[in-house]
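Asker: Below is one structure. I have some questions about it.
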Amino acid sequence: MNNKLDLENLPDEAEVKFTCNGQAVGKMRNELKVDMVSPIKESFHLATDEGSFHGGDATAPPPLALFIASLTGCIMTQIRAFSKRMKIEINDLKVDSRIIWKWKKLDNIYETAPQSFELDVFIESTEPLERVKSLIAAAKKGCFIEQTLGQKNIINHKLRDGDSWVDV
């Protein structure tokens, strides 16, 4: 399969697979190589860092900033892509997002839990409200990040121990 994202060239169903290799550098900075390996191949280099709270130098956005940017960018991308496919004209698009987590101090560490995810969508269009609403509904279903957040997920962690891996 080539790198051109052409809906007609994609299979009816596919596994969309990403990998990420991270390397700790500096105080709290992480250099990340992100690869889309299926159904097409693309690579990206990103970085995260923390500010002084965690002892970092704030040389890159913290992971939570990339998280909200990913959610916001995903829905915006899907709205624009699907508007073309659904033949719904958009003159302007803006999204304001808010994510709130609960934070609880436990001795010298802390625990977190998601509290809310809110996205305010501003679409300037001459289309009837019902068509614009159908566009947003379709975009929500097509947004990988939103669909991931909307369900319970199991995240497996393994730790390298000599020549083997152990579940953590």
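Asker: By how many degrees, between 0 and 90 and to the nearest 10, does the Cα long axis of helix 129-142 differ from the longest principal axis of the chain?
Answerer: So the helix axis and the longest Cα principal axis differ by about 40 degrees.
Asker: With no solvent and one equal point scatterer placed on each C-alpha of the range 1-61, evaluate the Debye formula and give log10 I(q)/I(0) for q = 0.12, 0.15, 0.22, 0.29 Å⁻¹, two decimals.
Answerer: -0.44, -0.58, -0.82, -1.12
Asker: What residues qualify as long-range amide H neighbours of Ser125, i.e. H under 5 Å apart, gap of 5 or more or another chain, H built at 1.01 Å from N?
Answerer: For Ser125, the qualifying residues are Asn91.
Asker: For the chain, modelled as a GNM with alpha-carbon contacts under 10 angstrom, which of Asp57, Asp120, Asp12 fluctuates the most?
Answerer: The residue with the greatest mean-square fluctuation here is Asp12.
Asker: What length, rounded to one decimal in nm, is gained on full extension from Asn9 through to Val166, with 0.36 nm per residue of separation minus their alpha-carbon distance?
Answerer: 52.5 nm
Asker: To continue, here is another question. Gain in length, Lys84 to Thr148, computed as 0.36 nm per residue apart minus the alpha-carbon separation, to one decimal in nm?
Answerer: Gain in length upon complete extension: 20.6 nm.
Asker: Further question: Could you tell me which of the pairs Lys17/Lys158; Lys87/Lys141; Lys104/Lys152; Lys104/Lys140; Lys87/Lys152 are separated by over 26 angstrom between their Cα atoms in the structure shown?
Answerer: Violating the 26 Å limit, Cα to Cα: Lys104/Lys140; Lys87/Lys152.
Asker: Then there is this: Given the options Pro61, Pro11, Pro128, state which has the largest fluctuation in a GNM of the chain using a 10 Å cut-off (strictly under) for Cα springs.
Answerer: Its mean-square fluctuation being the largest, the pick is Pro11.
Asker: Continuing with the same structure: For the range 62-152, state the average projected area of the convex hull of the C-alpha atoms over all orientations, rounded to one decimal in nm².
Answerer: Value for the range 62-152: 6.8 nm².
Asker: Could I ask something else about it? Note down the magnitude of the dipole of the chain about its Cα centre, charges +1 on Lys and Arg C-beta and -1 on Asp and Glu C-beta and zero elsewhere, to the nearest 20 debye.
Answerer: On the way: 22 positive and 25 negative charges, 37 e Å.
That gives a dipole near 180 debye.
Asker: Can you give the FRET efficiency to the nearest 0.05 for Phe122 and Leu159, using r as the Cβ-Cβ distance and R₀ = 41 Å? Walk me through the numbers before you get to the answer.
Answerer: Numbers: r = 45 Å, r/R0 = 1.09.
It comes to 0.35.
Asker: If you don't mind, another one. Report the label-to-label distance for Ala58 and Ala113 in nanometres (one decimal), using points 7 Å from each Cα along the Cα→Cβ vector.
Answerer: 3.1 nm
Asker: Under a point spin-label approximation (7 Å from Cα along Cα-to-Cβ), what is the Lys141-Glu31 distance to one decimal in nm?
Answerer: Each label point lies 7 Å from its Cα, and together they span 4.3 nm.
Asker: Quick check for you: which residues of the range 143-161 have the amide N under 14 Å from the point 7 Å beyond the Cα of Leu46 toward its beta carbon?
Answerer: Within reach of a label on Leu46, which here means backbone N under 14 Å from a point 7 Å along Cα→Cβ, the range 143-161 contributes 144-146.
Asker: Next question. Once you list every other residue whose beta carbon is under 11 Å from the beta carbon of Val37, what net charge do they have if Lys and Arg are +1 and Asp and Glu are -1?
Answerer: Taking every Cβ under 11 Å from that of Val37, the sum is -1.
Asker: Using only Cα atoms, find the angle between the long axis of helix 63-85 and the longest principal axis of the chain, and express it within 0 to 90 degrees, rounded to the nearest 10.
Answerer: 20 degrees
Asker: Follow-up question, since we're still on this one. Of the residues Lys41, Lys102, Lys158, which exhibits the maximal mean-square fluctuation in a Gaussian network model of the chain defined by a 10 Å Cα contact cut-off?
Answerer: With Cα springs under 10 Å in the chain, the top fluctuation among Lys41, Lys102, Lys158 is at Lys158.
Asker: Once you place label points 7 Å from the Cα toward the Cβ at Lys94 and Cys20, how far apart are they in nm?
Answerer: Each label point lies 7 Å from its Cα, and together they span 2.9 nm.
Asker: With +1 assigned to the C-beta of every Lys and Arg and -1 to the C-beta of every Asp and Glu, and no other charges, what is the dipole magnitude of the range 62-152 about the Cα centre in debye, to the nearest 20? Working shown, then result.
Answerer: Details: 14 positive and 11 negative charges, 62 e Å.
That gives a dipole near 300 debye.
Asker: Report the local net charge at Thr59: Lys and Arg +1, Asp and Glu -1, summed over other residues whose C-beta lies under 10 Å from its C-beta.
Answerer: -1
Asker: OK, next. Sticking to Cα atoms, compute the Rg of the chain to one decimal and its Dmax as the biggest Cα-Cα distance, whole number, in Å.
Answerer: Considering the chain through its Cα atoms, Rg and Dmax are 19.4, 62 Å.
Asker: If you add up the charges near Ala139, with Lys and Arg at +1 and Asp and Glu at -1, over every other residue whose beta carbon is less than 9 angstrom from its beta carbon, what do you get?
Answerer: +2
Asker: Among Ser134, Ser83, which comes first, then next, by fewest other beta-carbon atoms within 10 Å?
Answerer: Numbers: Ser134 15, Ser83 22.
Listed from fewest to most nearby Cβ atoms, that is Ser134, Ser83.
Each value in this text was obtained by applying a stated rule to the coordinates, not by laboratory testing. The structure presented is a predicted model; accordingly, all values stated were derived computationally and were not measured. Neighbour counts run over all protein chains shown; Cβ positions are idealised from the backbone, glycine included.
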